[in-house]
1. If you average the sequence gap of Cα pairs under 8 Å that are 6 or more apart and divide by the length of the stretch 372-439, what percent do you get for the contact order?
2. Evaluate the distance, in nm, between pseudo-label points positioned 7 Å from the Cα of ALA441 and of GLN137 along their respective Cα→Cβ axes.
3. To the nearest 10 Å², what's PHE250's accessible area with a 1.4 Å probe?
4. I need the peptides 106-114, 416-424, 266-274 ranked by packing, meaning the mean over residues of other C-beta atoms within 10 angstrom, with the highest value on top.
5. Tell me, what is the percent relative contact order of the stretch 108-212, built from C-alpha pairs under 8 Å that lie six or more residues apart?
6. Within the accessible area of the chain, what % is carbon and sulfur when the probe is 1.4 Å and the other protein chains stay in place?
7. Taking the Cβ-Cβ separation of LEU17 and LEU185 as r and a Förster radius of 45 Å, what is the calculated FRET efficiency to the nearest 0.05?
8. Quick check on the chain: of the DSSP beta bridges with both residues there, what percent are antiparallel, nearest 5%?
Amino acid sequence: MADETSVVDDRTEVERLDKEYVFGTWSYQSEVDPTEAVGGDGVRFTDGAGNEFIDFSSQLMCSNLGHSADAVADAIAEQARDGAYFAPGFATEARARLGEKLAEITPGNLSKTFFSTSGTEAVEGAIKIARMYTGKQKIISRYRSYHGATHGSISVTGDPRRLMAEPGVPGAIKAPDPYAYGSTLDPMESLEYIDEMLMLEGDTVAAILVEPIVGSNGILVPPEEYLPRLKEIAHDHGALLICDEVMAGFGRTGEWFGCDVFDVTPDIMTMAKGLTGAYAPLGATIVTDEIAAHFEDEMFCHGHTYAGHPVACAAGLAAVETYEEENLVEHASEVGDYLGDRLEELDEAHPSVGDTRGVGLFRGVELTADPDERVPFGTREDKISTGSTVVDDVSAAAADEGVYLANMINTLIIAPPLSITEADVDEAVAALDTALEVSDAAMNR
């Protein structure tokens, strides 16, 4: 008779080594159970057991070019051979050309860029630039937001993951969100609240920092007039508007950037993720002509060893050129409309689907245990608690059907590579249709 206490470990060697020697992010380590990924092609990737998945969330909403962008891979290899690294004081063609390209594709008079290595560092740069430019210290952000994991960016994050880092960096103030489905405030009423906050804070606020379309905290799309009015409010009180485009940028919304959906040019914009299609770690903070001019005679007191890393910038330039040459931004808009229609069908078919929302290939499906009362399955506290939720179980069921699907708090995040086809969408939606039976069965009945 077999020993009833014995446990069969069916992990791959890589999974065992990773579990033992590498920290899993944002998690209790006892619950970490990594899955080995061994390769990808187009909108699909394969795990260590040979299972293939449609990447319906672009990993962590960053693999905008999918898993076979050969031009980007070639650019990385060529730059690594020609000159893998030079100190930031040296100019390289990759960095210079990418800076020029970003000035071309970003809206309005955004013109000069600081390059870092991640979205969180891009936000850190934006905060410092806003404070240096205005001479003020406070940053207003929103409760349903994620801006990064370093001490400054987590301080301006509203997501519950900030709680373990508090008190954090001084001067971070939170405001309500344009959350039509789950807030007591109408989205435009939340603007009046921010306006009053700025008045009460006096002339002490350097900037308002927002994701034009909130990403991991629910894919929240504000009304058309929200972002233009928010910029007016900021400027009325002598504050800047910073748009965090780390997740929404580079075609995800069917426009180059989320703020383009609303025809708004922020004073400062942050980028990462899709900037290289996740082929290399690269962040960017771009500012307007006016802010750039300020630092001609004032010290730009910011920098990194890897600022403008040549290999990462080569990846970024090749990625942007790929978006252009393959018309991926336009494609994302067209297929995004089809995706939105298919998700509305799921809303009609499944009582546990409380809301579907989004633009382009940036969509969210919010689940509910009771659609009349809008009772969520997942809560904000779940982000820092042990165990799994019904929403986690839905994602796991989707994986059993061959679809990788990220979820945050109570929302399934659907953000596939921009090259996805309608046929791929149909296949993934069919898997999600099956997976949602899990949440239907778990409803309050």
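1. Reported relative contact order: 36 percent.
2. 5.5
3. 0
4. My ranking of the peptides, most packed first, is 266-274, 416-424, 106-114.
5. Once divided by the residue count of the stretch 108-212, the mean separation gives 29 percent.
6. Looking at the chain in its full context, I get 49 percent from C and S.
7. 0.40
8. Percentage antiparallel, nearest 5: 65.
The values are calculated or read from the model by the stated rules, or taken from the named source; none is laboratory data. Remember, it's a predicted structure, so these values are computed and weren't measured experimentally. Cβ atoms come from the backbone with ideal geometry, glycine included; neighbour counts cover every protein chain shown. Protein only, heavy atoms only, side chains kept; ligands, DNA and RNA dropped before computing areas. Shrake-Rupley method; radii C 1.70, N 1.55, O 1.52, S 1.80 Å.
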